[in-house]
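Written out below as structure tokens is the structure these notes cover.
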Amino acid sequence: MKKSSKELFHEISNLATEQRNPNSMNIDLSSVSEILKIINEEDKKVAFAVEKELPFIEEAVNHIVRAFKNGGRLLYFGAGTSGRLGVVDAAECPPTFGTDPEMVKGFIAGGKEAMFVAQEGAEDYEENGEKDILLANVTGKDVVCGIAASRRTPYVIGAVKKAKELGATTLFITCTPRESFNVKNVDVAICPVVGPEVVMGSTRMKSGTAQKLVLNMLTTTAMVRLGKTYENMMIDLQMTNKKLVERAKRIVMTITGVTYEEAEETLEKAGWHVKTALVMILANVNVEEAKQRLEKADGFVRKAINF
């Protein structure tokens with residue numbers, strides 16, 4: 001049932017993300033340096049709010065890793081700032097970790113246009129979220145993650161509900177207290193409560209920062225658990241620009257100790273696949289043997305060089 005304007009007013013007024021911050025009441029009378037200090041002091045609270053949610057983030061990562069190993073996807077659904085953060089996190093996975101663009105995808109209320117120009121009305125209807133879930137062909141193999149600072153965004157709620165109906169694992173990232181909403185449609189709720197924003201209701205600030213930190217954790221940790229790194233270096237990056245080509249050479253040189261020329265030569269032989277080049281050098285094997293070892297090791301370089 002659609003809420004009346006007054007019901008919606010009271011619902012929004014009571015949200016944790018819509019309260020006034022006592023520490024910034026006089027911000028309009030403050031100097032530039034004072035405003036910056038106020039913002040900085042509030043931002044310091046964000047990491048501690050995320051820290052309290054680590055057990056739930058861990059649970060979410062385990063679901064995501066299982067989904068990836070079974071051919072499933074991680075799909076983000078959000079509106080406004082939250083939606084843009086999901087789209088950005090998804091878009092950065094292929095160049096960083098060499099993933100298929102379909103493996104992690106972001107959906108925003110209002111579609112692609114909403115990435116650049118606000119399409120605020122698009123978030124007001126649950127059916128829009130449901131429709132995007134169906135268009136994404138969500139199945140029980142997938143993980144669907146709703147992102148909404150306020151936790152009440154209809155588009156996100158509709159998407160998560162429909163995903164649950166279809167058997168997908170559902171996550172929800174919000175900056176309101178866990179006890180403040182019904183999570184029956186959610187397998188894991190991640191709720192970093194960052195407190196009122198410096199500018200009341202401007203959830204692109206602390207709430208957006210908290211959501212970004214959580215998204216970084218979800219995909220980075222999942223990719224590490226899939227063998228996408230060697231020590232703390234990304235080794236499955238795609239050579240989509242000159243910077244990444246040179247980064248690949250530097251990674252090979254750093255890990256193996258070979259020269260610039262040797263790194264370049266080996267990468268060429270390996271089809272510019274960093275993992276293969278690393279195994280070729282560290283295990284002293286040819287391209288075919290390196291690829292076979294990586295396949296047996298599920299893509300983990302350390303395991304592959306020890307066969």
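Coordinate-derived values only; no laboratory data. In this text the structure is predicted, and so the values were computed from the model without any measurement. No Cβ is skipped: glycine too gets one built from the backbone with ideal geometry, and neighbour counts run over all protein chains shown.
In this structure, residue 260 and residue 69 have a Cβ-Cβ separation that, at R0 = 41 Å, corresponds to a calculated FRET efficiency of about 0.70. Only one residue of 93, 207, 224 has its Cα farthest out toward the positive end of the dipole of the chain, where Lys and Arg carry +1 and Asp and Glu -1 on Cβ, and that residue is 224. Using every pair of distinct Cα positions in region 10-225, the Kirkwood expression returns a hydrodynamic radius of 17.4 angstrom. Screening the chain for whole DSSP H helices of 20 Å or more along their axis (Cα) with average Kyte-Doolittle hydropathy at least -1.0 returns 32-51, 54-69, 80-97, 206-225, 242-256. Ranked by the mean number of other Cβ atoms within 10 Å of their residues, highest first, the peptides 236-248, 64-76 come out as 64-76, 236-248.
Its DSSP H runs of at least 4 residues, each contributing -39,500 (n - 2.57), put the calculated 222 nm mean residue ellipticity of the chain at -16000 deg cm²/dmol, to the nearest 500.
Exposure proxy shown here: for 126, 165, the number of other Cβ atoms within 10 Å sets the order, fewest to most, as 165, 126. Only lysines eight or more places from residue 275 in sequence, or on another chain, were considered; those with a Cα closer than 22 Å are 69, 228, 242, 243, 249, 291, 296, 303.
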